[in-house]
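The values are calculated or read from the model by the stated rules, or taken from the named source; none is laboratory data. Since we're looking at a predicted model, the values are computed, not measured. All Cβ positions, glycine included, derive from the backbone under ideal geometry; neighbour counts span all protein chains shown. What goes into the accessible areas is simple: the full protein's heavy atoms, side chains included, and nothing from ligands, DNA or RNA. Shrake-Rupley method; radii C 1.70, N 1.55, O 1.52, S 1.80 Å.
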Amino acid sequence: MLAYLPRPPTDTSRYGTFPQKPEPPTAPGALGEDGRQQASTTAAKRSALMPNYPSPPRCGASIIPGQPSLLASSSSLAVPQPAGEPPRCPSATRWYPLQALSVPGIPGSARGKTLARGSTAPSLEGLQSRRCKLLEEDGPVVQAGKRQRQRYVTKVGKCQVNLGNIQEKKRFLSDIFTTIVDLKYRWFLFVFMMCYIVTWVAFGTVYFLDAWARGDMEHRGDPQWQACIENVDGFISALLFSVESQRTIGYGSRMVTANCAEGVILLMAQSIVGSMIDALMVGCMFVKISRPKKRAQTLIFSKNCVISRRDEQLCLMFRVGDLRDSHMVDAKIRAKLIKSRQTAEGEFIPLEQSELNLGYDTGEDRLFLVEPQIICHIIDRRSPFWDMSAESLRREQFEIIIILEGIVEATGMTCQARTSYTEDEILWGYRFEPCMSLEKGAFRVDYSRFEMTFEVQTPAASAKELQEQQAVSTLSLCWDHLLQPRAP
């Protein structure tokens with residue numbers, strides 16, 4: 001009965017999409033070796049839960065009062081330094097990003113071992129022999145955390161979803177044409193060859209058995225014997241006759257005579273089966289070669305998204321381009337936000353998909369893609385990024401899927417190109433550099449500047465906070481105007 005009672009929602013916006021339990025504060029005043037181990041353990045756990053927590057100060061730098069610090073008190077971590085030596089690191093604590101703890105599928109024992117290994121306090125000799133170094137964004141620990149992050153769609157557009165435990169696999173055989181076309185090239189060529197080889201061998205065996213049953217093998221070279229198939233005196237000759245009949249080669253030395261009806265029927269059956277195989281295999285080969293999947297390789301997306309102000313509104317922007325001179329017809333673009341969340345009733349929804357408006361209501365999602373274009377998503381009340389600031393963006397975990405669809409001008413087939421952006425690929429306060437110029441009566445696109453961005457002045461507050469500040473300032477101006485004394 002207790003399982004069906006409503007539960008209060010879990011606050012997951014601070015530490016990511018997956019709920020985590022914060023660590024209790026450590027009591028200060030610990031001294032000695034136990035105090036150093038306890039302080040290093042607390043620092044390791046706090047850094048694992050909050051990757052955006054302020055970094056420890058550099059060696060020799062003064063600690064600003066009032067600022068949070070991951071270091072314990074100087075009395076518990078003080079290490080004597082010899083004269084003339086550069087300052088040493090007071091603690092060698094490993095830092096683990098949030099993704100290492102929040103990715104589903106990582107066993108709890110592995111996480112526990114990681115924290116235990118990172119919280120081990122080094123000895124005094126190890127502290128004296130190890131110099132101070134700060135972990136940057138490209139450090140090995142951060143890279144290991146990023147490698148553990150599983151993408152829903154790769155940068156080249158491949159969906160990282162594997163289907164398993166499919167019970168009704170016979171559904172694939174009901175659509176045999178699509179099944180053959182979707183095969184990889186090595187398996188497709190194998191099926192292509194086996195279709196012909198199997199039919200040749202099968203009909204060759206039937207021709208051989210027919211000649212053997214009628215006694216044509218025993219009367220080989222007898223001019224008085226009326227054979228069903230002339231010059232078929234073994235399996236190899238029967239196989240050659242099967243290949244000549246199906247491929248309409250007809251060398252003239254072997255042929256079906258009118259002395260037996262079964263030979264004529266077999267020849268007709270093989271001709272019909274050969275025509276069906278030709279139609280199926282040639283059709284599959286044509287569709288396999290002309291699929292617009294490779295056309296998507298010439299549709300490129302910018303490596304990063306940017307967030308900045310445009311027309312006094314906070315916008316999320318990325319850039320798309322087409323490398324070919326033959327343009328996409330009726331190109332349309334849309335975006336999906338993939339993010340796990342927990343409902344008010346306590347239900348956990350993994351990888352929930354929500355739509356990002358790229359101008360569907362105004363028609364801006366339909367592109368005339370003859371030059372690189374910057375696609376803009378306005379962060380308004382309907383946007384999922386409405387209450388997301390520059391600081392909260394670092395603690396979030398989501399993925400933006402971009403889908404570009406259009407008709408290939410050369411073949412008339414529909415082409416689809418995909419890419420994705422994670423939260424660490426979004427640059428706050430940046431804007432794309434222009435890559436078009438006018439020269440000799442024509443516009444020139446410089447694709448070497450396609451990925452370039454430059455920093456602009458952008459407030460770090462969310463769009464919701466900016467609107468509230470603007471409303472407050474407008475109200476204060478109106479109130480000052482009303483209180484201003486009027487001239488008589």
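When the residues of the range 298-320 are filtered to those that are more than 30 Å from K464 (Cβ to Cβ) and touching a residue at least 40 places away in the same chain (Cβ under 8 Å), the one that is surrounded by the most Cβ atoms within 10 Å (Cβ to Cβ) is L299. The numbered conditions (1) under 30 Å from I176 (Cβ atoms); (2) open to solvent by 60 Å² or more (accessible area, probe 1.4 Å); (3) not hydrophobic (A, V, I, L, M, F, W, C) are all true for S242 except (2).
Screening the range 380-484 for strands (runs of 3 or more DSSP E) wholly inside it with 3 or more residues that are open to solvent by less than 50 Å² (accessible area, probe 1.4 Å) returns the ranges 399-408, 414-422, 426-428.
What's the total number of residues in the range 414-449 that are touching a residue at least 40 places away in the same chain (Cβ under 8 Å) and either of a type outside the set (A, V, I, L, M) or in contact with a helix residue (DSSP H, G or I) (Cβ under 7 Å, 6 or more places away or on another chain) (or both)?
Final tally of qualifying residues: 20.
Being over 58 Å from the mean Cα position of the chain (by Cα), surrounded by fewer than 17 Cβ atoms within 10 Å (Cβ to Cβ), modelled with pLDDT under 85 and farther than 22 Å from M281 by Cα holds for only one residue in M255, M217, and it is M217. The set of residues in the range 172-192 that are in the same structural domain as M281 (by the TED database), farther than 22 Å from K294 by Cα and exposed (fewer than 11 other Cβ atoms within 10 Å of the Cβ) is empty. Selection of the range 226-239 for residues being in a loop (DSSP other than H, G, I, E, B) and open to solvent by 90 Å² or more (accessible area, probe 1.4 Å) yields Q226, N231.
Tally the residues that are open to solvent by 60 Å² or more (accessible area, probe 1.4 Å) and farther than 25 Å from M328 by Cα, restricting the search to the range 268-297. Even if it seems obvious, please write down each step before you answer.
As a first pass, look at the range 268-297 and keep what is open to solvent by 60 Å² or more (accessible area, probe 1.4 Å): 268, 272, 275-276, 279-280, 282, 286, 289, 291, 293-294, 297.
Applying the additional criterion that residues be farther than 25 Å from M328 by Cα yields 268, 272, 275-276, 279-280, 282.
Residues in the range 268-297 being open to solvent by 60 Å² or more (accessible area, probe 1.4 Å) and farther than 25 Å from M328 by Cα: 7 in total.
Within the range 349-390, the only residue that satisfies the criterion of being without any contact (Cβ under 8 Å) to a residue 12 or more places away in the chain and within 29 Å of Q150 (Cβ to Cβ) is I349. Give the residues of the range 167-180 that are in contact with a helix residue (DSSP H, G or I) (Cβ under 9 Å, 6 or more places away or on another chain) and not polar (S, T, N, Q), sorted by residue number. F172, L173, I176, F177, I180, listed by residue number. Of the residues making up the range 193-214, those that are closer than 18 Å to M281 by Cα and open to solvent by less than 50 Å² (accessible area, probe 1.4 Å) number 3. In the range 321-334, the residues that are in the same structural domain as R366 (by the TED database) and modelled with pLDDT of 90 or more form Cβ pairs under 7 Å with partners that are assigned to a loop (DSSP other than H, G, I, E, B) and not acidic (D, E), at six or more places apart or across chains, as follows: G321/P372; G321/F450; D322/L369; A331/L369; I333/L358; R334/L358.
With respect to the conditions (1) within 23 Å of the chain's Cα centre (by Cα); (2) over 23 Å from G157 (Cα atoms); (3) small (G, A, S); (4) exposed (fewer than 14 other Cβ atoms within 10 Å of the Cβ), S354 lacks only one, and its number is (2).
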